[in-house]
Amino acid sequence: MAKTRKKAAAPQTVTQPSEAMDQMLKERRVFKPSKEFSKAARVGSLAAYKKLYNESIKSPDKFWAKVGKELHWFKPFKKVLDWSKAPFAKWFVGGTTNLSYNCLDRHLTTSRRNKAALIWEGEPGDSRTLTYDQLHREVCKFANVLKGLGVGKGDRVAIYMPMVPELPIALLACARIGAPHSVIFGGFSATALVDRIHDCSAKAVVTADGGWRRGKIVELKKAVDEAMPNCPTVQKVVVLKRTGQPVEMKDGRDVWWHETMAGASPDCKAEPLDAEHPLYILYTSGSTGKPKGIYHTTGGYMVGTYLTSKLVFDLRDEDVYFCTADIGWVTGHSYIVYGPLANGATSLMYEGAPNHPGPDRFWEIVAKYRVNIFYTAPTAIRAFIKWGDQHPAKHDLSSLRLLGTVGEPINPEAWIWYNKVIGGKRCPIVDTWWQTETGAIMISPVPGAVPTKPGSATLPMPGVLPEVVDPATKEKVPPGGGGILVIRKPWPSMLRGLWGDNERYKQVYWSTVPGSYFTGDGAHCDKDGYFWIMGRVDDVINVSGHRLGTAEVESALVSHPAVAESACIGVPDEITGQAIAAFVTVKEGHAAGDDLKADLLKHVTKEIGALARPKQVRFTGALPKTRSGKIMRRLLRDIASGKERVGDTTTLEDYSVLAKLRESDEG
């Protein structure tokens, strides 16, 4: 794998690596944007990008003030940044605004009023389209419903829903009245619900009877009912009827969405909110301890997602933009709802799995709606490769003009496949690196300006100052050197803390390199200033004193023509300290076995060197992942070490994977 992601979290415990990572895999291919794309792009040349970036770093207050003024403020901000109490930032000080207003009302006096804001495709095949005017009415009605249920400014609302239009409606309604929302991913258990609802003291829960996933009903209301006895702060539960199966409704607490909306007024003025008013809390997944509630505020997050959506996706009024993420994760917050709608874009959302009823579902949707911009996860791309080229080949993908990746590192060979098979070699690929904590994209190609290198997230966004530093000296490493990735200056969409835990916020993110935000990722920066993210610092394998990023070894394995996907972990070794264990899924038409295992070992030795040769290779039909596509390497470590019981599995999508992995070949 290689570089692109929205890391769902910083490390659970602060690691203090003593050495930089060694980079052995080299990628020299460079792809320049076409003249046709650059000519029509918002930023049309590398020189123009550099000019914009240099201005943003030289005069950040001036730069961010200019961007901020492109949006609506009820009261203008007096100061761009107050960093006097670092690491607690205040952006757009003194200004009042509303993100729901900027996503909706701002467009109603323009030609976008009757333009599609949301296009929705349900897994069973049902669909809906909401114009900006229609979406505005629905949001205002639900905002009035919330107020009628006693929810006001500052009250927290937990949202536990399938990927249906009512989910962004609920987000925008909360933002409209100043009630911070906490979206809880629909795959979480009742236990995980309790932890998250209790931590933020939610006053209300918005859910549904269920949702569709691979033709089966996910029973959301049932999980809420199981959680409620341990959630004393919840006063009301709003239930959307999606699947129609019977659910229990508790008198005095539970109300139906459709019944409360029937009498609600479509007029609800947006609440003027201080720029630093909390917008939402999003809990990190996969922790074995207390979940971390990342929270973002209104003004800075609004400006950050607005600018990055516009620049990274080169948005045009006529575009249909399809982000395949779930709104339960930060990518859905920033790049299905808030960023695209603040730009007046048409955002397409899909309810279900990418392979239901068949492996071509995404391509069917792209062709049906003539999608122009497609943003997905590298793990999905590797699944597409495994399923075979014949599935995208069945559909007309000629409407696509831009591709994106997010969520995990993308290996160069998957990047090349994406470029060729999905993009027809005509679509630039924006390989985006960012995190739940950063709120918005931090490093990514600006598609009309920046030449791309497969596996590199390339150059930083305007206003963002990343550096690769030596973990021992805390100094910037020379070009080509490896180290840990930090952000040297604050940025508007940065997290403002961990909900109710300021000390943990300071320790996790700001103590490793004092004065700088610690991303938790290892990285290299090449002679052209391009960033190569090597994976989490806690995913580094130390073999005979050489620190190798898991992403590098995985990239070498996936470059073999028989391999669809791989995940590598470190296991104890008496001689080398640690050795590499590789879990590998093979493409259709290839046989797993001793011959392929021997060939893979030779291939890794050729690509990187004998140092990176795995000690174990296990073939498996699937890897353990969260629904957001993140490979759960800690579960692989447990399995490789022979543990009968594995750690927290609340975010695991397919539990049968664990049993199959225990039976997998070992060598």
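Just for the range 136-190: of the residues that are part of a loop (DSSP other than H, G, I, E, B) and of a type in the set (Lys, Arg), which one is nearest to Thr96 (Cα to Cα)?
Taking the range 136-190 first, the residues part of a loop (DSSP other than H, G, I, E, B) are 149-156, 161-165, 178-180, 184-189.
From the residues that got through so far, the ones that are of a type in the set (Lys, Arg) too are 153, 156.
Numbers: Lys153: 14, Arg156: 20 Å.
For the range 136-190, the residue satisfying everything is Lys153.
Return yes when Leu498 is buried (at least 24 other Cβ atoms within 10 Å of the Cβ), hydrophobic (A, V, I, L, M, F, W, C) and out of contact with any helix residue (DSSP H, G or I) (no Cβ under 7 Å at 6 or more places or on another chain) and no when it is not. When the stated conditions are applied, Leu498 does not pass them.
When Lys90, Lys85 are screened for being crowded, with 20+ Cβ neighbours inside 10 Å and more than 20 Å from Arg176 (Cα to Cα), only Lys90 passes. Within the range 382-390, is even one residue in the same structural domain as Ser34 (by TED's automatic domain parsing), in a helix (DSSP H, G or I) and at pLDDT 95 or above? Within the range 382-390, one or more residues are in the same structural domain as Ser34 (by TED's automatic domain parsing), in a helix (DSSP H, G or I) and at pLDDT 95 or above.
Report yes if some residue within the range 516-537 is closer than 23 Å to Pro478 by Cα, modelled with pLDDT under 90 and outside any strand (DSSP E or B); otherwise report no. Yes.
Would you check if Gly215 is surrounded by fewer than 24 Cβ atoms within 10 Å (Cβ to Cβ), in contact with a Lys or Arg (Cβ under 6 Å, 6 or more places away or on another chain) and either within 19 Å of Gln245 (Cβ to Cβ) or not assigned by TED's automatic domain parsing to the domain that holds Leu146 (or both)? Answer is no for this residue.
Condition check ((1) assigned by TED's automatic domain parsing to the domain that holds Ala556; (2) surrounded by fewer than 21 Cβ atoms within 10 Å (Cβ to Cβ); (3) in contact with a Gly (Cβ under 6 Å, 6 or more places away or on another chain)) across all residues:
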{"site": "Ile416", "(1), (2), (3)": "no, yes, no"}
{"site": "Thr436", "(1), (2), (3)": "no, no, no"}
{"site": "Gly463", "(1), (2), (3)": "no, no, no"}
{"site": "Pro466", "(1), (2), (3)": "no, no, no"}
{"site": "Val469", "(1), (2), (3)": "no, no, yes"}
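Within the range 471-495, restricting attention to residues that are at pLDDT 95 or above and in contact with a Ser or Thr (Cβ under 8 Å, 6 or more places away or on another chain), the residue that is surrounded by the most Cβ atoms within 10 Å (Cβ to Cβ) is Ser493.
Among the residues of the range 135-158, are any surrounded by fewer than 23 Cβ atoms within 10 Å (Cβ to Cβ), out of contact with any strand residue (DSSP E or B) (no Cβ under 8 Å at 6 or more places or on another chain), among the polar types (S, T, N, Q) and without any contact (Cβ under 8 Å) to a residue 40 or more places away in the chain? No, the conditions are met nowhere in the range 135-158.
Here Arg5 meets the list (1) within 30 Å of Leu498 (Cα to Cα); (2) at pLDDT 95 or above; (3) touching a Phe, Trp or Tyr at 6+ places or on another chain (Cβ under 9 Å) almost entirely, failing just condition (2). Residues that are within 21 Å of Pro180 (Cα to Cα), surrounded by fewer than 20 Cβ atoms within 10 Å (Cβ to Cβ) and modelled with pLDDT under 95: does the range 269-290 have at least one? Yes; the residues of the range 269-290 include at least one that is within 21 Å of Pro180 (Cα to Cα), surrounded by fewer than 20 Cβ atoms within 10 Å (Cβ to Cβ) and modelled with pLDDT under 95.
Results for (1) more than 33 Å from the chain's Cα centre (by Cα); (2) surrounded by fewer than 19 Cβ atoms within 10 Å (Cβ to Cβ); (3) polar (S, T, N, Q), shown as yes or no for each residue.
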position	(1), (2), (3)
Thr585	no, no, yes
His590	no, yes, no
Leu600	no, no, no
Val604	no, no, no
Ala610	yes, yes, no
Lys615	no, yes, no
Thr620	no, no, yes
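Scanning the range 401-413 for residues that are surrounded by 21 or more Cβ atoms within 10 Å (Cβ to Cβ), outside any helix (DSSP H, G or I) and not small (Gly, Ala, Ser) yields Leu402, Leu403, Thr405, Val406, Glu408, Pro409, Ile410, Asn411. Sub-6 Å Cβ pairs linking a first residue in the range 396-409 that is within 12 Å of Asn372 (Cβ to Cβ) to a second residue that is among the small types (Gly, Ala, Ser) and at pLDDT 95 or above, at least 6 apart or interchain, are Leu403/Gly423, ordered by first then second residue. If you take the residues in the range 314-331 that are surrounded by fewer than 23 Cβ atoms within 10 Å (Cβ to Cβ) and among the aliphatic types (A, V, I, L, M), which one is nearest to Gly44 (Cα to Cα)? That would be Leu315.
Select, from Tyr338, Tyr375, the only residue that is closer than 29 Å to Ser566 by Cβ, crowded, with 19+ Cβ neighbours inside 10 Å and at pLDDT 95 or above.
Working: Tyr338 fails: closer than 29 Å to Ser566 by Cβ.
After applying the criteria, what remains is Tyr375.
The values are calculated or read from the model by the stated rules, or taken from the named source; none is laboratory data. Worth saying up front: this structure is predicted, and the values here are computed from it rather than measured. No Cβ is skipped: glycine too gets one built from the backbone with ideal geometry, and neighbour counts run over all protein chains shown.
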